[in-house]
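Here the structure comes first, spelled out in structure tokens, and everything after it is commentary.
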Amino acid sequence: MPLNDPVIAEQTHAADFTIAQKWDRYTEDEHDIWNTLYAQQIEVLKGRAVEEFYNGLDALDLNMGGIPDLSVLNPKLKALTGWEVVMVPHLVPDEIFFEHLANRRFPAGRFIRGRDQMDYLEEPDVFHDIFGHVPLLSQPVFADYMQAYGQGGLRALKHDCLKNLARLYWYTVEFGLMKTPQGMRIYGAGIVSSRTESVFAIDSSSPNRLHFDLERVMHTDYRIDDFQQVYFAIESFEELFEATQQDFGPLYKKMSREKYIHPITDILESDRVYTQGSQAYAAAGGRLAKAK
Ligand code: HBI
Ligand code: FE
């Protein structure tokens, strides 16, 4: 929990874990960190992010400068897709998280990372949550997918399938790629909000890039401490949304019986392979090797 944010520390969160943003309490330095990150990402994402992401930035005027004020952002987002952003102090429990999504509320962290963590941090901050996640919530099909995911999550909890759903979130909402006629593009929030992974996910010959398959993804391990070793690519948001438009009941039953998991770098006979990676980055020790 980010203890260095006094505006979080002075508040008691509501039952649904929301807090007030208190936008006027952000310091000049905090807005400046946002602007630095923003400029950096716009530059590095050129030719790398999906069109829908830029359409979202434009539609929401997220290029106005400084940390967005929710009282300005939310009316625009609500008018477009019925979604709104709420502030939370830190990671919230799974059922609370799903409950928000199922009701078209996206929980975003209030705090912003420090200058010593510009490249990588473990807990989602306001830059990751708003710059990374919110542009696509203004796009109708993706907006519907996120709500369906929240509803599916609530059901998954009852069937002991949370891990499977978490993997789906990871490989789509956080680290998803899209194969477009112009080439491979990024839509996942974990990538678009990271300077280094934006380049790695598209340009590196190290990771595997496979076509998205719902069940395959729900049984695939992932890593949270370094660049991904496998990315899954959809061809459109319609494809992603369609995949969730089935009765998950039988799927959950099957998954609660069969707890198998595909190792990260496995390529299956049934996989549609875009690029088979060398895994050279991971083999060399990844982030830890670079830090030495
Ligand atoms: N809470 N604030 C916040 N943000 C998340 O992304 C989040 C969370 N709680 C749970 C959670 N994610 C995961 O369980 C889901 O990705 C499945
Ligand atoms: Fe995220």
Residue in segment 141-148 that is under 16 Å from the mean Cα position of the chain (by Cα) and within 12 Å of ligand 1 (Cβ to nearest atom) present:
yes
Here the qualifying pairs (Cβ atoms under 7 Å; residues six or more apart or on different chains; first in segment 15-28 and at pLDDT 95 or above and away from ligand 2 (no atom under 16 Å from the Cβ); second β-branched (Val, Ile, Thr) and not in a helix (DSSP H, G or I)) come out as 18/86; 18/88; 19/88; 26/67
Looking at (1) touching a helix residue (DSSP H, G or I) at 6+ places or on another chain (Cβ under 9 Å); (2) more than 16 Å from ligand 2 (Cβ to nearest atom), which is the only condition residue 116 fails?
(1)
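Out of the residues in segment 94-113 that are in a loop (DSSP other than H, G, I, E, B) and more than 16 Å from ligand 2 (Cβ to nearest atom), which is farthest from residue 226 (Cα to Cα)? Please lay out each step first, then the result.
Keep residues of segment 94-113 that are in a loop (DSSP other than H, G, I, E, B), which gives 103-104, 110-113.
Narrowing further to those that are more than 16 Å from ligand 2 (Cβ to nearest atom): 103-104.
On the way: 103: 32, 104: 30 Å.
Looking at the filtered set, the residue picked out is 103.
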I'd like to check which helices (runs of 4 or more DSSP H) are fully inside segment 1-75 and have at least 2 residues that are under 20 Å from residue 143 (Cα atoms).
51-59
Residue pairs meeting the criteria (Cβ under 7 Å; at least 6 apart or on separate chains; first closer than 17 Å to residue 88 by Cβ and outside any helix (DSSP H, G or I), in segment 124-145; second within 15 Å of ligand 2 (Cβ to nearest atom) and of a type in the set (Val, Ile, Thr))
125/112
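Quick check on my filter: what residues within segment 165-179 are within 8 Å of ligand 1 (Cβ to nearest atom) and not acidic (Asp, Glu)? Reasoning before the result, please.
Restricting attention to segment 165-179, the residues satisfying the condition of being within 8 Å of ligand 1 (Cβ to nearest atom) are 165-166, 169-170, 173-174.
Those that are within 8 Å of ligand 1 (Cβ to nearest atom) and not acidic (Asp, Glu): 165, 166, 169, 170, 173.
From the list 146, 178, 184, pick out the single residue that is under 29 Å from residue 36 (Cβ atoms), in contact with a strand residue (DSSP E or B) (Cβ under 8 Å, 6 or more places away or on another chain) and surrounded by fewer than 21 Cβ atoms within 10 Å (Cβ to Cβ).
Numbers: 146 fails: surrounded by fewer than 21 Cβ atoms within 10 Å (Cβ to Cβ); 178 fails: surrounded by fewer than 21 Cβ atoms within 10 Å (Cβ to Cβ).
Matching residue, one of 146, 178, 184: 184.
The values are calculated or read from the model by the stated rules, or taken from the named source; none is laboratory data. Note that the structure is predicted; figures quoted are calculated from it, not measured. As a convention, Cβ positions derive from the backbone with ideal geometry for all residues, glycine included, and neighbour counts pool all protein chains shown.
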